[in-house]
1. Summarise the partner chain shielding of A:289-299 as one whole number: the mean count of Cβ atoms from other chains within 10 Å of each residue's Cβ.
2. Please report the net charge: other residues with Cβ closer than 11 Å to the Cβ of B:Asp233, K and R +1, D and E -1.
3. Would you mind telling me which residue in B:Pro288, B:Pro142, B:Pro113 has the biggest mean-square fluctuation in a Gaussian network model of chain B, where springs connect alpha carbons within a distance under 10 angstrom?
4. Subtract the Cα-Cα distance of A:Asp277 and A:Lys74 from 0.36 nm times their separation in residues, and report this length gain in nm to one decimal.
5. Calculate for the protein assembly as shown the 222 nm mean residue ellipticity that helices alone would give, adding -39,500 (n - 2.57) per DSSP H run of length 4 or more and normalising by residue count, nearest 500 deg cm²/dmol.
6. Could you work out how far the C-alpha centroid of segment B:28-52 sits from that of segment B:143-161, in angstrom?
7. Could you list the residues of segment A:274-302 with an amide nitrogen less than 16 Å from a label point located 7 Å from the Cα of A:Ala162 in the Cα-to-C-beta direction?
8. Want the number for B:Asp67 to B:Glu189: 0.36 nm per residue separation, take away the alpha-carbon distance, what's left?
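What follows draws every value from the coordinates through simple rules; no lab data is involved. Here the structure is a predicted model, which is why all the values come from computation and not from measurement. Positions of Cβ are generated from backbone atoms using ideal geometry, with glycine treated the same way; all protein chains shown enter the neighbour counts.
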Protein chains: 2
Amino acid sequence: MSAATKIRVAQLGLGPIGLETLKLAATKPWAEVVGALEIDPAKCGRDLGELTGLESLRGAKVYARGDELLKVGKPDVILHTSVSKFAEAFEQIVPLVEHGVNVVSSCEELVFPQLREPKLAAQLDDLCRAHRARVVGAGVNPGFVMDLLPLCLTSVVCGIRAIHIERVVNASTRRGPLQKKIGAGLAPEQFRPLLERGNAGHAGLRESLGLMAHGLSWQIDRLAEKADVIIADHPIRTRHFAVEPGQVCGIRQRVEATTRDSIVLTLGIQMCLDAIDPHDSIRVDGNPPLNVRIEGGIAGDEATVASLVNTIPRLLQASPGLRLLTDLALPRMG
Amino acid sequence: MSAATKIRVAQLGLGPIGLETLKLAATKPWAEVVGALEIDPAKCGRDLGELTGLESLRGAKVYARGDELLKVGKPDVILHTSVSKFAEAFEQIVPLVEHGVNVVSSCEELVFPQLREPKLAAQLDDLCRAHRARVVGAGVNPGFVMDLLPLCLTSVVCGIRAIHIERVVNASTRRGPLQKKIGAGLAPEQFRPLLERGNAGHAGLRESLGLMAHGLSWQIDRLAEKADVIIADHPIRTRHFAVEPGQVCGIRQRVEATTRDSIVLTLGIQMCLDAIDPHDSIRVDGNPPLNVRIEGGIAGDEATVASLVNTIPRLLQASPGLRLLTDLALPRMG
C-alpha cells in the first residue's frame with residue numbers, strides 16, 4: 001500500500017496500553033502513525049520513536065493539545081485509551097470529531113453508550129454525522145468475550161432459551177492498575193463502597209449485556225446486578241502488591257437479566273489474585289446447545305491492544321455516526 | 001412487523017434439511033414463506049402446510065419450475081439446499097438471479113466459489129449485479145466453525161504464527177446421508193477411490209481455508225491435502241447401517257497450508273461412527289495464544305438450518321453481487 005493511501009493514526013493517552021496500541025499500529029502496513037496526545041507534561045513534546053523504542057516512529061511527536069496535532073497533519077483516526085466513563089471520553093473526543101477525526105476508544109461505557117448516557121450518545125451521534133466522523137468503543141471485555149463472540153455463536157442456533165457467560169481472570173499475572181482496580185490489599189470495608197458505587201471492579205458488564213441484547217433485538221425486561229469482594233485466605237505477593245489473609249484479593253460481579261420473551265442472560269466475572277482455572281465460557285441453551293470454553297481466557301493487554309487496532313479498518317468502512325461494534329463488518333485481524 | 005414489509009422466502013430442495021429450513025423460516029416474525037421448488041414429482045403440487053405439518057404454511061405450494069413459483073409471487077430470497085458442487089448450483093440459481101431473487105445456499109463450494117470455479121463465480125457475480133440480486137453460500141462447516149469463527153477470534157490477537165482447527169464428529173448420532181457420505185459399511189478398497197476423487201467425505205475444507213485466508217488478506221503459498229478412511233475395529237449398528245470389523249466406519253481429512261508470510265494453517269476433520277470425544281477446537285498461536293474448545297462440537301442439522309435462515313437478513317443488507325460470508329454484517333441470530 002502506498003503512503004498516500006495509508007490510514008493516518010494518532011494516539012490519545014500514553015499509558016501502558018496506549019503505548020502498546022501505538023506500537024502495534026506502527027507494524028500495520030496500512031497505518032501511518034502521525035503523533036500522539038497526552039496531558040502528562042513529562043511526555044509532551046517528546047519523540048514517539050524515543051518513547052516507544054521504535055525507529056519507524058522517529059519524527060512523530062507527543063502534543064498536549066488536539067489543535068497542535070491537527071496543525072501538523074490531520075489523523076484519519078485516533079486510538080483513544082484514557083478513561084472508562086463515557087462522559088469523560090465525550091469531552092476528549094468531541095473536539096476531534098468536530099474536525100472529522102474518527103475514534104476507536106477503549107472507554108468501556110462507549111461499547112454501549114446508550115445505556116448510561118442516552119442524551120450524550122445522541123449528541124455525539126449528531127456531531128459525528130455533521131462532521132462525517134465515526135466513533136466506536138472496542139476491547140476484549142466489554143467488546144468481545146461477553147458480547148461480540150456470543151452474538152456470533154447465536155448465528156448457528158435456533159430457539160435460544162438462555163445464554164450463560166462466565167469469565168475467570170487470574171489477576172496475579174496482570175499489571176498493577178488491574179490489581180488495584182480489584183482492591184488488592186485493601187480492607188473489605190474500605191473497598192466494598194468503592195465497588196458498590198462502580199468506582200472499582202470491572203466496568204462494562206451491563207454494557208456487554210446491552211450490546212448483546214441490542215444485536216439480537218431483544219428487550220431486557222428484568223435485570224439484577226451484584227458485586228462482592230473476594231477475601232484472601234493466604235498471603236499473596238505479586239510484583240505490585242502484598243496481600244495478607246483477610247484483605248481483599250479480588251472481585252466477583254454478576255448481571256442476570258430476562259428478556260421480554262423470557263430468555264435468560266447471565267454474565268459473571270471473577271477477577272482475583274491466584275485465581276484457579278482462569279477461563280472464559282459461553283453456554284448457549286438452544287438447539288443445538290453450545291458449550292464453548294476458552295482455556296486460560298482471552299486475557300492480557302495484548303488482546304486489548306489487538307482488538308483496538310484491528311477495529312480501525314472496519315470502522316472506516318462504516319457510515320458516519322456513533323457506531324456500535326454490531327454495526328461493523330465481521331471482526332478479524334486487520 | 002407488517003406483512004407488507006416481511007421478507008418473502010421460498011425453498012429450493014425439500015430434502016430433510018430443506019424441510020427443516022423452511023419450518024425454521026416460518027417461525028421468524030420477519031419472514032413470509034411463499035412456496036417451494038422441488039423436482040421430486042411425489043412432492044410437486046403439494047401443500048407446504050401438509051408437507052411440514054405447520055398450519056401457518058397452509059396455502060403455500062410446491063412447484064416443479066421456477067417460472068411457476070415466480071408467477072404466484074416473486075420471493076425476495078430462496079433458501080437453496082440441494083447440491084454440494086457450485087457448477088450444479090449455478091444451473092439452478094441463475095434462472096432465479098435473473099429475476100432478481102436473492103439466494104442463501106447450503107452448497108459447500110459456494111462458501112468460497114472462487115476456489116474451484118473462478119470463471120463461473122465471476123459470471124454469477126456479473127449476473128447478480130445486473131439483476132440487483134445477492135447470492136451467498138452459508139452453513140456450519142464450511143461457513144462457521146472452520147472459517148467465520150476463527151476469523152472472529154483473530155480480532156483479539158497480534159502476531160499470528162499459526163491457526164490449527166480440528167473437528168471430530170460422531171456420525172453415529174447423525175442422519176443416514178451423512179453416514180453414507182463417510183463410507184459406513186463399505187469395503188476400504190471400494191470407498192477410497194470415491195474419497196480420493198472428492199465424491200465422498202467432507203466437502204469444504206479447502207473452501208474454509210480459502211475464506212479464512214481471503215478474510216485476512218493472506219496469500220496461500222503451499223498447500224497439502226490428505227484424506228484417509230477409518231476402519232471399524234468392532235461391529236457397529238446405527239439406525240441406518242450395520243458395519244462389520246474391517247469395513248469403513250468414517251473418514252479423516254486434513255489440509256495444511258502455509259501463507260506467503262510463513263503463517264501455518266491446518267484444518268482437520270474426523271467424522272466416524274462411534275467417535276470418541278466429539279468436539280471442535282481452534283488454537284491460535286499468537287499474542288496472546290487462544291485455545292478454544294467447543295465441547296461436543298457444533299453439530300447436527302439444527303445448526304445448519306439455523307445458519308442458513310439467520311443469514312437471510314444480513315444478505316439482504318449487503319450490496320448486490322456474489323457475496324462471501326466475510327462481506328456480510330456480524331453473524332448473529334436473525
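1. Details: counts 5, 7, 7, 8, 7, 6, 7, 4, 3, 9, 1.
The shielding value for this peptide is 6.
2. -2
3. B:Pro288
4. Answer, rounded to one decimal: 68.5 nm.
5. Details: 20 runs with 197 residues, N = 668.
After summing the helix terms and dividing by residue count, I get -8500 deg cm²/dmol.
6. 37
7. Answer for segment A:274-302: A:281-287, A:289-292.
8. Contour length minus the Cα-Cα distance gives 39.4 nm.
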